[in-house]
Amino acid sequence: MSREYDITLDPEANVLYQKCRDVDPVLWQRLATADLHEVCRRTDARWQEHAYLLPFFNRELVIQPQTQTILISGRPDLEAEFQLCLTTLLYLLQIDAARLPSRQVSPKEYKGGVTFFQGPHALPTARLEERFGADRQLFLTAGRRLGGAEIAQGDAGLALTPFPQLTVEVILWLGDEEFPPQVVFTLPAALERFWALDGIWALLNVVSRELWRAA
């Protein structure tokens with residue numbers, strides 16, 4: 001199986017929304033004029049040499065508001081994709097990290113979630129079920145490569161931290177002769193205070209993509 005995740009096969013694939021430069025320029029303008037001390041206080045980001053440095057799993061993002069670019073530490077060859085750029089900007093602009101820790105809930109428990117997370121906005125579980133549905137160890141190894149922690153859920157569970165204090169749990173039930181594999185996500189219940197459902201969906205696509213690539 002190829003190790004490269006083909007973004008064009010994602011359910012949200014759209015040629016108009018695949019690159020960092022495709023993000024609404026208003027978000028970049030808001031970040032460029034934001035109080036950098038207030039942004040850092042809310043999000044655990046750091047400001048250094050005209051850029052925000054923000055933990056991303058076990059790596060770091062370098063966000064440069066003036067040039068409207070996001071770089072991934074250790075991967076100068078990898079251009080940040082649209083949904084990573086979008087969720088990074090939404091995190092810096094809207095999240096108060098200290099208010100995120102809370103009980104974890106299914107995305108469908110958010111107000112309107114049952115209706116929203118279907119059809120073109122279906123939760124991105126199919127790729128993970130295909131890749132890990134018969135291989136518990138590969139799933140856990142991929143999670144560890146992202147700095148995740150194993151949790152006692154399902155046949156295997158991971159607590160991943162794409163951004164500071166924002167935990168996404170990924171729970172795997174292995175397939176067998178009777179039942180197909182299943183992956184379930186949980187996120188902080190408090191997240192819906194800060195983000196609309198499309199932002200939460202974008203975050204789950206980022207998490208799914210990074211976990212798939214780490215395998």
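Quick look at the numbers
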read-out	value
Among residues of region 71-86, those that are farther than 19 Å from residue 204 by Cα and at pLDDT 90 or above, counted	1
Pairs where the first residue, in region 20-34, is acidic (Asp, Glu) and the second is in a loop (DSSP other than H, G, I, E, B), C-beta under 7 Å, 6+ apart	22/16
Close pairs from region 49-77: first at positive phi, partner in a strand (DSSP E or B), Cβ under 8 Å, at least 6 apart	50/64; 57/160; 57/161; 57/162; 74/59
Some residue of region 168-180 being of a type in the set (Val, Ile, Thr), touching a residue at least 60 places away in the same chain (Cβ under 8 Å) and assigned by TED's automatic domain parsing to the domain that holds residue 125	no
Odd one out for residue 134 among (1) over 14 Å from residue 200 (Cα atoms); (2) at pLDDT 95 or above; (3) buried (at least 19 other Cβ atoms within 10 Å of the Cβ); (4) not polar (S, T, N, Q)	(3)
Unmet requirement for residue 147, which otherwise passes all of (1) in a helix (DSSP H, G or I); (2) closer than 15 Å to residue 55 by Cα	(1)
Tally, over region 10-35, of residues that are charged (D, E, K, R) and at pLDDT 85 or above	4
In region 81-99, the residues that are part of a loop (DSSP other than H, G, I, E, B) and either among the hydroxyl-bearing types (Ser, Thr, Tyr) or crowded, with 21+ Cβ neighbours inside 10 Å (or both)	95
Tabulated pairs, region 78-101, first more than 17 Å from residue 165 (Cα to Cα) and small (Gly, Ala, Ser), second in a helix (DSSP H, G or I) and at pLDDT below 95, C-beta under 9 angstrom, 6+ apart or interchain	80/20
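The values are calculated or read from the model by the stated rules, or taken from the named source; none is laboratory data. This one's a predicted model, so the numbers in the text were calculated from it and none came from an experiment. Counting neighbours? That spans all protein chains shown, and the Cβs are built from the backbone with ideal geometry, glycine included.
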